[in-house]
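A.B. asks: Would you mind keeping the following structure in view while I ask a few things?
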């Protein structure tokens with residue numbers, strides 16, 4: 001961890017104001033909620049020299065975590081949407097193939113029925129001539 005101290009002392013009333021920022025060094029976690037540039041923790045300093053106060057300011061890291069969590073959620077939703085689109089494409093392809101097979105069967109069946117009807121008609125005509 002590395003730190004930067006910014007501290008002001010008002011000599012008139014011994015008032016303190018400032019902050020101390022902690023930043024990790026050697027921090028390399030790709031695809032995590034926080035990164036090197038968003039993992040700073042601030043410690044705010046106030047009060048007086050005789051009665052100093054300090055509090056952690058986690059607003060920046062909280063905001064960075066929320067933004068990164070939202071980015072990860074968007075990535076996840078986009079992957080789900082792409083998978084759903086692929087499933088829909090495959091379903092449409094199977095449906096179109098089934099329709100084509102049904103049309104082919106219907107055409108063959110219609111040709112068979114027409115051939116049978118023509119054969120019956122030819123038999124009737126041959127029987128009528130005899």
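Each reported figure results from applying straightforward, stated rules to the coordinates on display, with no laboratory input. Just so it is clear, the structure is predicted and the values come from calculations on it, not from any experiment. For neighbour counting, all protein chains shown are included, and Cβ atoms are generated from backbone atoms with ideal geometry for every residue, glycine included.
A.B. asks: Sorted from fewest to most neighbouring beta carbons within 10 Å, what does the list 25, 76 look like?
C.D. replies: Placing the least packed residue first, the sequence is 25, 76.
A.B. asks: Could I ask something else about it? Regarding the chain, what are the three Cα extents along the principal axes, ordered largest first, in Å?
C.D. replies: Per principal axis, max minus min of the Cα coordinates gives 135, 27, 13 Å.
A.B. asks: Here's a follow-up. In 10 Å bins starting at 0, how do the alpha-carbon pair distances of segment 2-57 split up by percent?
C.D. replies: Per 10 Å bin, starting at zero, the Cα-Cα P(r) for segment 2-57 comes out as 24, 38, 22, 13, 3 percent.
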